[in-house]
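Laboratory data are not the source of any read-out in this text; all were calculated from the coordinates shown. Just so you know, these numbers come straight off a predicted model, no measurement behind them. Cβ placement follows ideal geometry from the backbone for every residue including glycine, while neighbour counts extend to all protein chains displayed.
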Amino acid sequence: MPENEEKAAEVFAHEHEEEEHKTPGTVVLTLALLISFAVYYFANWKALADVWHVR
Amino acid sequence: MANAVAIPASHEESEVITKPVGNHAAGNSRTCDTTGLPVCLTAQLFIRLNAVLGVVALLAGGIAALLIALTRWPAVHLLDPVWYYRLTTFHGLNMLIFWILFMEVGILYFASTTLLNSRLFSKGMAWASFVMMVAGAVLVDVTILGGKADVMMTSYVPLKAHSNFYLGIILVAVGTLIGVANFFGTLYIAKRDKTYAGSVPLVVFGATAAAIIAVVTLLHGALVMIPTWLWSMDILKEVDAGWYRLVWWGLGHQSQQVNVCAMVSVWYFLATLTTGAKPLNQAVCRGAFVLYILFINLASAHHLLVDPGVGASWKIWNTSYAMYLAVLASMIHGFTVPASVETAMRKKGHNRGLFGWLAAAPWKNPGFSAFFLSLLIFGFIGGITGVTLGTQQINILAHNTLRIPGHFHSTVVGGTSLAFMGLAYYVVPLIFKREYYARGLARVQPYLFAVGIVLMSLGMSFAGSYGVPRRHWDIEFTGAQFAPGFGSGAHVMLGLMGVGAVIAFVGLLTFILLTVAAVFFGKKIENRAMTPW
Ligand code: HEM
Ligand SMILES: [Cu+2]
């Protein structure tokens with residue numbers, strides 16, 4: 001029996017009742033995203049500065 | 001009572017409800033044996049038709065994709081210039097417009113009927129929409145392949161295609177608009193007939209946001225395409241090129257936001273189906289969808305960052321302050337979707353360490369792996385490159401280079417298309433009521449496609465960083481008087497792109513073959529739940 005699929009109708013009916021949750025894994029994933037972004041963004045500004053000299 | 005599906009009722013629709021329930025007429029709904037959700041049989045017919053046509057477009061666009069990718073790979077350089085540009089035009093339209101729109105109209109029908117326990121508003125409108133979309137798509141494809149529309153997907157004026165090209169696009173757009181109207185009609189009758197209690201589920205809310213943006217998008221489409229169509233028939237003397245670009249991106253960019261909304265809704269839906277996850281905070285998730293509606297339009301300015309026709313302050317306002325609010329919405333979903341999965345998995349006892357929940361997730365379920373890989377590719381590659389490219393100063397480095405296709409193949413392909421593939425692994429058993437064959441292959445397919453797209457996307461992005469242009473047949477400039485100027489680094493990256501493209505194509509073809517085999521020859525699912533993934 002597909003246990004998750006089976007519950008779909010029930011989840012959609014009760015999705016408004018919110019519960020307690022702790023999600024440390026997702027927080028770490030999000031931080032990894034933000035750090036990757038910062039690195040890439042900085043590298044791009046650096047590349048721009050290398051091409052276009054401001055004197 | 002006429003049955004909505006082509007196949008005789010006695011054979012297939014065995015769990016049809018013969019009494020009228022909710023606002024469904026007698027014999028026109030069934031209860032899904034797997035999910036317990038109600039299914040309107042009229043909606044089911046059109047979800048099937050739209051899915052089939054979507055997959056046909058995906059196949060057409062996919063074959064073109066392989067050929068143009070093998071042309072951009074200098075070591076292969078397959079096609080001649082005419083066919084390179086022709087098939088690039090063909091690829092863009094079949095993928096970005098036809099595959100995506102057919103799927104999205106199907107998703108709108110699904111969300112408004114099944115999740116709200118309603119019947120579809122109008123069967124006549126659904127037919128009108130479908131017929132117009134198919135006719136338009138065929139017209140566009142025939143015109144391109146006949147060599148009468150080598151204008152690229154953007155068809156920037158003053159490039160001029162045969163009038164049938166614009167007419168086809170207008171037909172597809174109007175057909176889609178009728179489908180969207182049918183969705184709103186269904187929302188209306190569901191509310192009127194009180195087929196659901198409380199407010200609508202989040203997936204429906206997301207679909208509604210997508211539909212609202214779609215209306216604005218398609219109005220821009222009409223505004224720009226109708227005059228251009230008249231111009232192509234020499235009825236109008238001239239279409240201003242700057243005006244065209246500005247309004248065209250009201251269509252081109254916003255349609256991408258329709259895709260993002262649809263994709264996020266599919267994420268929430270697949271998260272529920274595959275892990276039992278439920279949204280963590282309704283107000284936050286819904287607020288994020290509202291941010292899309294409010295700020296997306298302005299962000300279309302990021303396509304005009306080097307356009308001489310608009311001023312610097314206009315560009316900066318639209319692409320920084322306004323765009324960040326739309327980006328914020330994506331970041332909210334990018335956080336709440338995995339968080340809802342984490343919560344659901346932890347509740348089932350997968351609590352070990354930071355990532356025990358993720359390791360224990362159903363990675364062998366292609367519905368889950370496609371959804372989660374889509375989330376990672378969209379966030380980590382699409383999101384990061386997108387925000388960077390959308391910065392005015394940086395855009396000057398990247399404009400018209402392969403960095404641009406590198407970016408959007410990680411959003412609309414690694415993100416949206418992969419999520420839609422994941423959805424298909426449920427649509428086929430639940431709506432077509434057929435089992436997939438070769439389930440081992442199906443489990444691998446999302447990984448294959450994801451790996452291919454990631455390699456291709458990175459190859460394009462870094463080749464673009466070396467300055468390799470997009471939409472360019474021959475970066476070696478064979479026979480030219482001056483040196484080509486692209487070093488070995490760029491060539492390595494183009495090779496990476498080529499290898500990735502081949503892997504992605506194999507993944508795409510695997511998906512199509514599996515899905516076609518299942519839809520037409522798969523084992524029927526009657527009076528029983530689908531075999532779980
Ligand atoms: C196996 C999958 C795919 C491969 C190998 C592939 C490959 C390519 C290549 C090589 C280009 C040309 C880049 C250039 O020369 O400028 C391209 C362009 C493009 N692709 Fe894909 N693609 C794939 C899937 C998709 C999908 C699923 C979509 C949309 C949902 C898509 C949308 C586009 C668009 C809009 C363009 C731009 C066309 C233009 O410049 O006018 N692609 N793709
Ligand atoms: Cu855009």
Cross-link reach from B:LYS364 to lysines, straight Cα distance under 22 Å and at least 8 residues apart if same chain, gives A:LYS7, B:LYS278, B:LYS347, B:LYS348, B:LYS433, B:LYS523
Restricting attention to the range B:83-171, which chymotrypsin sites (Phe, Trp or Tyr not before Pro) occupy a DSSP loop and are surrounded by at most 16 other Cβ atoms within 10 Å?
-> B:TYR156
With +1 on each Lys and Arg Cβ and -1 on each Asp and Glu Cβ, how big is the dipole of chain B about its Cα centre, in debye rounded to the nearest 20?
-> 1320
What is the Å³ per residue value for the convex hull set by the Cα atoms of the range B:421-533?
-> 112
If you line up the long axis of helix B:323-347 against the longest principal axis of chain B, both from Cα atoms, how many degrees apart are they, to the nearest 10?
-> 40
Order the peptides B:503-513, B:346-356 from the highest to the lowest mean number of other Cβ atoms within 10 Å of their residues.
-> B:503-513, B:346-356
Mind checking A:26-33 for the average number of partner chain beta-carbons within 10 Å of each residue's beta-carbon?
-> 6
Extended-chain gain in nm, criterion 0.36 nm per residue less alpha-carbon gap, B:ARG352 and B:SER488 | 44.4 nm
In peptide B:395-403, how many Cβ atoms from other protein chains are near each Cβ within 10 Å, on average?
-> 2
May I have the extent of the alpha carbons of the range B:70-161 along their three principal axes, as whole Å values ordered from largest to smallest?
-> 54, 28, 20
Taking B:219-229, B:303-313 and ranking on average Cβ neighbours within 10 Å, highest first, one gets B:219-229, B:303-313
Which far-off residues, 5 or more places away or on another chain, put their amide H under 5 Å from the one on B:SER29, with H placed in the peptide plane?
-> B:ILE17, B:LEU41
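If you take the beta carbon distance between B:LYS19 and B:LEU230 as r and set R0 to 51 Å, what does 1/(1 + (r/R0)^6) give as a FRET efficiency, to the nearest 0.05?
0.45
Take peptide B:384-392, look around each residue's Cβ out to 10 angstrom, count Cβ atoms belonging to other protein chains, and average those counts. All intermediate terms of the calculation are to be shown ahead of the outcome.
Working: counts 8, 3, 0, 3, 7, 1, 0, 4, 0.
So the per-residue partner count for this stretch is 3.
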Please report Rg over Rh for chain B, where both radii come from the alpha carbon positions and Rh follows the Kirkwood definition.
-> 0.96
Restricting attention to the alpha-carbon atoms of the protein assembly as shown, what are Rg (one decimal) and Dmax (integer), both in Å?
-> 23.5, 81
Roughly how many debye, to the nearest 20, is the charge dipole of the protein assembly as shown about its Cα centre, given +1 on each Lys and Arg Cβ, -1 on each Asp and Glu Cβ, and no other charges?
-> 300
Taking the mean number of other Cβ atoms within 10 Å as a proxy for protection, how do you rank B:30-43, B:420-433, B:180-193 from highest to lowest?
-> B:420-433, B:30-43, B:180-193
Whole-Å distance linking the alpha carbon centroid of the range B:186-259 with that of the range B:295-331 is 19
Projected label distance in nm at A:LYS22 and A:HIS53, using a 7 Å step from Cα toward the beta-carbon = 5.7
Roughly speaking, what is the centre-to-centre gap between the range B:63-126 and the range B:454-472 when only Cα atoms are used, to the nearest Å?
-> 22
Hey, which aspartates and glutamates would be in cross-link range of A:LYS22, C-alpha to C-alpha under 13 Å, not counting anything within fewer than 8 residues on its own chain?
-> B:GLU342
